[in-house]
Amino acid sequence: MRITPPGYSCVHYAMVGGNVPQYCVRCDVQGKAMLIDANVFGVTVKTRPCEFLALIEFHAPPHARAVGLQDPRCWEAGFVQVMTGGQVVYEYASEHLLVRAAVAPRRLPCADNDGAGPFLDNTLLGVRQFGVADNPNAPAPDELRSFLGSDSVKHLWASDGPGTGQGMAQDLDLPCVHGADLRAVPGKTYHLGWTDPLDPHAAPGAAPLRSIRGHYAFKTWLAMRFTPTGDMFMLHEFEWLARFDVAVQANAQRAWPAGRSGAELLREGAVGAKAAGPIYDGPTANGSVCVRFLAPH
């Protein structure tokens, strides 16, 4: 790999299983805006899709036989993501009552993927096997065809738009885990709608939703996986976060941006380290999301 597509990084090299893959990356995260969905069910927030792209070429040692670790067909590449921290707090308030409901996975850090495999995006676009032709139903973009000279060169694409949901009622129905508000019952499902979820039948205006604030933090890696054993090797890391700050007028079912929000790329760089299982395995962020009722302050 001598030249890279417009908008991609310079060529990077790694040492993986005795092979020397070459790759370039592109990250479209910085400045992706926050989106707000306010409807009869309540308010959900998310960011516009944050995209990760790479062009990666498999290189075995010169004259090596295509067996075992040196067989390109035994390797696949994609992006792996972990949610490392953060929470988004729905605050309900009146003159005499304050309720703070924090939305986050049950445990952090945790894997963050589509649930179909270890990669962030386990579709034909997000995971590619070396040494075989790409599925014709998932071709690389036309402008990159000239860079794909053989089946040892693959284009990868994955995206994520983190937040508290997609505007559906079920997005706001969350199981409760132990928190500091004594009214909350662990194991019970609460709806984070327009009024106090701990007392949804209270008189209108008793404790309406006033704000939604917080952030989620992530690490995303370009990775190669040796399929016979499942060993995962991280090549390049992106560290980023999504911020949310929303003001709410519950009686009018309105919500609008109130402060700093959107996606921010904190740092990136080559890593070349072998991953441990917990980095990309186990319960996923979406599969373990819950609500903790915090102590008023």
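Some notes on this structure:
- Selection of first residues in the stretch 283-297 that are part of a strand (DSSP E or B) and open to solvent by 50 Å² or more (accessible area, probe 1.4 Å) and of second residues that are at pLDDT below 95 and of a type in the set (G, A, S), restricted to Cβ pairs under 7 Å at least 6 apart or on distinct chains, gives the following pairs, ordered by first then second residue: R292/G179.
- Count of residues meeting criterion [of a type in the set (G, A, S) and open to solvent by less than 10 Å² (accessible area, probe 1.4 Å)] in the stretch 139-166: 2
- Residue count for the stretch 9-56 satisfying the condition of being in contact (Cβ under 8 Å) with a residue 40 or more places away in the chain and either open to solvent by less than 30 Å² (accessible area, probe 1.4 Å) or of a type in the set (G, A, S) (or both): 24.
- Long-range neighbours under 6 Å by Cβ, at least six apart or interchain, first residue more than 15 Å from T164 (Cα to Cα) within the stretch 209-237, second of a type in the set (S, T, N, Q) and open to solvent by 40 Å² or more (accessible area, probe 1.4 Å): K219/T84
- Total residues in the stretch 197-250, condition buried (at least 23 other Cβ atoms within 10 Å of the Cβ) and not in a strand (DSSP E or B): 1
- Looking only at the stretch 167-187, residues that are in a loop (DSSP other than H, G, I, E, B) and open to solvent by 30 Å² or more (accessible area, probe 1.4 Å) come to 8 in all.
- Residue within the stretch 96-115 that is open to solvent by less than 40 Å² (accessible area, probe 1.4 Å), assigned to a loop (DSSP other than H, G, I, E, B), of a type outside the set (A, V, I, L, M, F, W, C) and touching a helix residue (DSSP H, G or I) at 6+ places or on another chain (Cβ under 8 Å) present: yes
The values are calculated or read from the model by the stated rules, or taken from the named source; none is laboratory data. This one's a predicted model, so the numbers in the text were calculated from it and none came from an experiment. Don't worry about glycine lacking a Cβ; one is built from the backbone with ideal geometry, like all the others, and counts go over all protein chains shown. Protein only, heavy atoms only, side chains kept; ligands, DNA and RNA dropped before computing areas. Shrake-Rupley method; radii C 1.70, N 1.55, O 1.52, S 1.80 Å.
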